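The values are calculated or read from the model by the stated rules, or taken from the named source; none is laboratory data. For clarity, every value in this text was computed on a predicted model and none was experimentally measured. Every residue, glycine as well, gets a Cβ built from its backbone with ideal geometry; the counts of neighbours run over all protein chains shown.
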Amino acid sequence: MSDHDPADGTELPAAAPTRPGPLESRQRLRQQTDEEFSAFYRQTIRPLVGFLVNQGATVHVAADIAQDTMTSAYHRWNDLHTPKAWVYTVASRALVRKIASTEEEPVDEVPEPTALLPRPDAIAEWEAGHDALPLLRSLPPRQRQVLAWTLAGFTPTDIAGHLGLTAETVRANLKKARRAAAAYLKAREEDQ
C-alpha cells in the first residue's frame with residue numbers, strides 16, 4: 001500500500017514497518033524474564049523451603065536461605081540452564097555453611113513475620129503436621145541429605161552430580177535411610 005502526496009498527486013513509497021528500538025527490546029526481554037522467573041518462583045519456593053527443612057533446617061532458616069537463593073537465581077536467570085537443580089544445589093550448600101558456622105543461641109523472641117512465614121508462631125504446629133520430620137531428624141546428616149534430595153524428585157545420578165558424590169555412595173546412603181525409615185515406622189506402630 002502506498003500513500004499519495006497531496007501536493008502533486010504522486011505516490012509516495014510505503015513506509016517501512018518500524019522496528020522496536022534497543023530500549024524497547026530490552027524492556028520486552030526484561031518483562032519476559034520477569035514473567036518466567038515469577039512463575040518459577042511461585043512453583044519452587046515452598047518446595048525449596050520444605051527441602052531445606054527435610055535436611056535439618058528450622059522453617060525460619062529454611063525460608064531465609066530459600067529467599068536468598070531465589071534472589072541470586074533472579075540475577076543469574078538468563079544464564080541458568082537447569083534452574084531447579086541450581087537453586088536446590090545453592091540452597092543446600094548454603095544450609096551446610098550455615099550449620100557449620102552456627103553456634104547455638106537461645107532465642108527469646110519469635111521471628112518477625114515474612115511473606116513465607118506469615119505466622120512464625122505457628123511453626124511448631126506446621127512441623128507437627130509433617131510426620132516425616134522426626135524420621136528425617138533421626139537420620140545421620142548424609143542420609144538425611146540424600147533422602148531430602150530424593151523426596152524433592154531428584155534421581156541418585158542427579159544427586160551425585162549436585163553433591164559431588166558417586167552414584168554408588170548416594171544409592172548406599174539412600175538404602176540405609178530407607179532401612180532406618182522402615183525401622184522407625186515399625187517401632188512407631190508397635191508403640192501405638
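Do the conditions hold for Ala91, that is, is it modelled with pLDDT of 95 or more, among the hydrophobic types (A, V, I, L, M, F, W, C) and assigned to a helix (DSSP H, G or I)? When the stated conditions are applied, Ala91 passes them. Please go through region 44-58 and give me each residue that is farther than 16 Å from Arg144 by Cα and buried (at least 19 other Cβ atoms within 10 Å of the Cβ), ordered by number. Thr44 - this is the single residue of region 44-58 that is farther than 16 Å from Arg144 by Cα and buried (at least 19 other Cβ atoms within 10 Å of the Cβ).
Here is a list: Pro134, Pro156, Pro113, Pro106. Which entry is modelled with pLDDT of 65 or more and surrounded by fewer than 15 Cβ atoms within 10 Å (Cβ to Cβ)?
Numbers: Pro156 fails: surrounded by fewer than 15 Cβ atoms within 10 Å (Cβ to Cβ); Pro113 fails: modelled with pLDDT of 65 or more; Pro106 fails: modelled with pLDDT of 65 or more.
Going through Pro134, Pro156, Pro113, Pro106 in turn, the sole match is Pro134.
Pairing residues of region 173-192 that are under 27 Å from Thr157 (Cβ atoms) with residues that are among the aliphatic types (A, V, I, L, M) and part of a helix (DSSP H, G or I), at Cβ distances under 7 Å and at least 6 apart in sequence or on separate chains, gives Asn173/Val146; Leu174/Val146; Leu174/Leu147; Ala177/Val146; Ala177/Leu147; Ala181/Leu135; Tyr184/Leu135.
The rows are residues; the columns are (1) part of a loop (DSSP other than H, G, I, E, B); (2) at pLDDT 95 or above; (3) over 30 Å from Leu136 (Cβ atoms).
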site: Arg28; (1), (2), (3): no, no, yes
site: Thr33; (1), (2), (3): no, no, yes
site: Gly50; (1), (2), (3): no, no, no
site: Ala57; (1), (2), (3): yes, no, no
site: Ala66; (1), (2), (3): no, yes, no
site: Trp77; (1), (2), (3): no, no, yes
site: Trp86; (1), (2), (3): no, yes, no
